[in-house]
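S.K.: Here it is, the structure, as structure tokens.
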Amino acid sequence: MATRTDAPTRREQILREAARLFAERGFHGVGVDEIGAAVGISGPGLYRHFPGKDAMLAELLVGISGQLLTGARRRLAEADGDPAGAVLDSLIEGHIDFAIDDRPLITLHDRELDRLRDSDRKLVRQLQRQYVELWVEVLRAVYADLAEPAARSAVHSVFGLLNSTPHLGRPGSLPGRAATAQLLHRMARGAFAAAAAPQE
């Protein structure tokens, strides 16, 4: 979604507007007709693309979990041979792109994950676990003395920090995308350094 540079397909337009509306008003507060109107087609016309709202929600939440994992794997492959610290910085940058550009999906995940079918919810969790473990491996390459459980806790904590963007105020109230990204990056790095600092 945020990583695409070409024009979005109609299906992607529907998903983006559905995410925005679901995040603003809740899953049950949005009708198919409203989603259709947001992309310029009739509500029933949506059924050519999705069997219903449940399918849209599943594709949004499973999709972003898969995209984060795929993007992180790509960053690792592209960084082959780079210092571990540079790889960690790349992972942080990738997650910040998501946290800033796809804020409605963070809200959706927090509010609506339990609405997914068991199989879809399990898939989301499976993808998320793989994503976390990838970060843990890189983090421990940077901080060799950081035990695995502590590294895992640190990764989850930093995700919580980065995923706080829906609560930072309206987009116009933020200091600008670049400044926000730099601030989040410094905070993430600072949190990891604090987790790895010797205990007094």
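S.K.: Of everything in the range 26-52, what is open to solvent by 70 Å² or more (accessible area, probe 1.4 Å) and closer than 19 Å to D102 by Cβ? Give them in sequence order.
M.R.: The answer is none; no residue qualifies.
S.K.: Then there is this: Among the residues of the range 11-25, is there at least one that is buried (at least 17 other Cβ atoms within 10 Å of the Cβ) and at pLDDT below 90?
M.R.: Among the residues of the range 11-25, not one is buried (at least 17 other Cβ atoms within 10 Å of the Cβ) and at pLDDT below 90, which makes the answer no.
S.K.: Could you check the range 86-101 and list, in sequence order, the residues that are surrounded by fewer than 20 Cβ atoms within 10 Å (Cβ to Cβ) and modelled with pLDDT of 95 or more?
M.R.: If the condition is that a residue be surrounded by fewer than 20 Cβ atoms within 10 Å (Cβ to Cβ) and modelled with pLDDT of 95 or more, then A86, D89, S90, E93, G94, D97 are the ones that fit.
S.K.: Return the residues of the range 53-85 that are without any contact (Cβ under 8 Å) to a residue 24 or more places away in the chain and open to solvent by less than 20 Å² (accessible area, probe 1.4 Å); say none if nothing qualifies.
M.R.: Of the range 53-85, the ones without any contact (Cβ under 8 Å) to a residue 24 or more places away in the chain are 55, 70, 74-75, 77-83.
Matches in the range 53-85: A79 only.
S.K.: For the range 140-152, what are the residues that are assigned to a helix (DSSP H, G or I), open to solvent by less than 70 Å² (accessible area, probe 1.4 Å) and in contact with a Leu (Cβ under 7 Å, 6 or more places away or on another chain)? Please lay out each step first, then the result.
M.R.: Taking the range 140-152 first, the residues assigned to a helix (DSSP H, G or I) are 140-142, 148-152.
This time we only want the ones that are open to solvent by less than 70 Å² (accessible area, probe 1.4 Å), so: 141-142, 150-152.
Scanning the range 140-152 gives V142, A151.
S.K.: So which residues in the range 102-131 are in a helix (DSSP H, G or I), within 12 Å of the chain's Cα centre (by Cα) and surrounded by 14 or more Cβ atoms within 10 Å (Cβ to Cβ), if there are any at all?
M.R.: If we filter the range 102-131 for residues that are in a helix (DSSP H, G or I), which is where we start, we get 103-115, 118-131.
Add one more test, that the residue is within 12 Å of the chain's Cα centre (by Cα), and what stays is 103-110, 124, 127-128, 131.
Correct list: R103, P104, L105, I106, T107, L108, H109, V124, L127, Q128, Y131.
S.K.: List pairs: first residue in the range 8-20 and closer than 16 Å to A37 by Cβ, second residue not in a helix (DSSP H, G or I) anywhere in the structure, Cβ distance under 6 angstrom, at least six positions apart or on different chains.
M.R.: Pairs found: I14/H49.
S.K.: Kindly provide the set of residues from the range 153-182 that are open to solvent by less than 40 Å² (accessible area, probe 1.4 Å) and at pLDDT below 80, ordered by number.
M.R.: The one that is open to solvent by less than 40 Å² (accessible area, probe 1.4 Å) and at pLDDT below 80: G169.
The values are calculated or read from the model by the stated rules, or taken from the named source; none is laboratory data. Computed from a predicted structure; not experimentally measured. Please note: Cβ atoms are built from the backbone with ideal geometry, for glycine as well, and neighbour counts cover all protein chains shown. Quick note on the areas: whole protein, heavy atoms, side chains included, nothing else; ligands and nucleic acids left out. Shrake-Rupley method; radii C 1.70, N 1.55, O 1.52, S 1.80 Å.
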